[in-house]
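Shown next, in structure tokens, is the structure this report addresses.
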């Protein structure tokens with residue numbers, strides 16, 4: 001029974017990833033200017049060269065036919081060739097994913113450290129001044145667009161992961177602070193304080209078991225937020241990762257590249273959320 005549930009869940013993840021790729025291909029195909037290629041404007045090209053350029057995209061006119069051929073090639077390990085970069089997509093993804101993993105991973109970890117440290121500090125101190133400070137700082141960074149933070153990191157010569165950390169920080173802080181406030185408002189927390197228990201003991205034995213599962217679920221969601229933030233950060237900071245690749249593919253309407261990037265990002269997002277669900281289930285089973 002358990003194996004069947006796991007298999008059904010994995011099939012659902014694969015189905016959602018494939019559906020995301022199909023929707024991405026459809027949106028790119030319906031985008032204005034899809035049938036044009038900037039290389040056709042080169043006056044040095046002959047009529048035969050222009051015709052060859054158009055023929056190279058002829059198979060992408062029918063989205064369903066293109067996506068079917070793409071899936072057949074993907075089963076054999078062929079993910080297609082990028083129109084703009086002229087390289088196999090599989091090689092591009094293999095060479096660039098370590099950059100995104102490092103930048104997004106360090107940024108996500110740093111954002112979580114900043115947000116949880118501030119949220120726990122505000123909750124433990126119970127001072128209105130700290131509450132106002134946390135709300136003001138998180139609200140300020142929440143109002144700044146991701147592209148502006150990426151541009152500031154370029155101007156200040158700061159690492160790209162710092163921009164990602166500041167992008168995810170306010171979202172993590174505000175949700176974590178609300179979870180902790182809700183947990184501290186429960187009756188058994190008040191009873192524990194009335195019995196003279198210390199704040200750290202209350203936090204570890206009463207607050208975290210209550211707020212922990214929701215924070216684990218938030219961790220899964222913030223993975224997709226960090227991946228989305230890596231697109232403007234890598235593009236503006238000149239980091240050769242998946243985010244920069246997605247930006248270049250979107251500008252050039254590079255269908256083979258965009259479909260593969262969409263499927264990859266969808267898979268990572270679904271797997272991170274599923275991993276968070278599994279951890280929550282294990283924690284609750286142990287508590288039961």
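Between residue 151 and residue 4, how many nm apart are label points set 7 Å from Cα along the C-beta direction?
5.7 nm
Compute the FRET efficiency between residue 140 and residue 221 as 1/(1 + (r/R0)^6), taking r as their Cβ-Cβ distance and R0 = 22 Å, and round to the nearest 0.05. Kindly include the intermediate steps, with their values, before the conclusion.
Values: r = 22 Å, r/R0 = 1.00.
Plugging the Cβ-Cβ distance into 1/(1 + (r/R0)^6) gives 0.50.
For the chain, calculate the relative contact order in percent as a whole number, restricting contacts to Cα pairs under 8 Å that are 6 or more residues apart.
Values: 287 pairs, mean separation 75.5, N = 288.
Relative CO of the chain lands at 26 percent.
Using label points projected 7 Å from each Cα along Cα→Cβ, tell me how many nm separate residue 251 and residue 30, to one decimal.
2.6 nm
Sorted from largest down, what three extents in whole angstroms do the Cα atoms of the chain have along their principal axes?
Taking the Cα atoms of the chain, the three principal extents are 86, 55, 29 Å.
Based only on other Cβ atoms within 10 Å, what is the fewest-to-most ordering of 200, 16?
Numbers: 200 9, 16 15.
Ordered from fewest to most neighbouring Cβ atoms within 10 Å, 200, 16 come out as 200, 16.
How many nm separate the modelled label positions at residue 186 and residue 284, each set 7 Å beyond the Cα in the direction of the Cβ?
1.4 nm
Relative to the longest principal Cα axis of the chain, at what angle does helix 255-287 sit, 0 to 90 degrees, rounded to 10?
Once rounded, the angle reads 20 degrees.
Between Rg and the Kirkwood Rh of segment 100-221, both from Cα atoms, what is the Rg to Rh ratio? Mind dumping the intermediate values first?
Working: Rg = 16.2 Å, Rh = 15.5 Å.
Here the Rg-to-Rh quotient is 1.05.
In degrees, nearest 10, range 0 to 90: what is the angle between the Cα axis of helix 2-30 and the longest Cα principal axis of the chain?
Around 50 degrees separate the two axes.
Calculated FRET efficiency, residue 194 and residue 69, Cβ-Cβ r, R0 51 Å, to nearest 0.05? Don't jump to the answer; show the numbers that get you there.
Values: r = 69 Å, r/R0 = 1.35.
FRET efficiency, residue 194 to residue 69: 0.15.
In a GNM of the chain with a 10 Å cut-off on Cα contacts, which of 248, 87, 214 has the highest mean-square fluctuation?
Looking only at 248, 87, 214, the biggest GNM fluctuation is shown by 87.
A short reminder: the numbers here are calculations on the coordinates, not readings from a lab. Values in this document were obtained by computation on a predicted structure and should not be read as measured data. Positions of Cβ are backbone-derived with ideal geometry, glycine not excepted, and every protein chain shown enters the neighbour counts.
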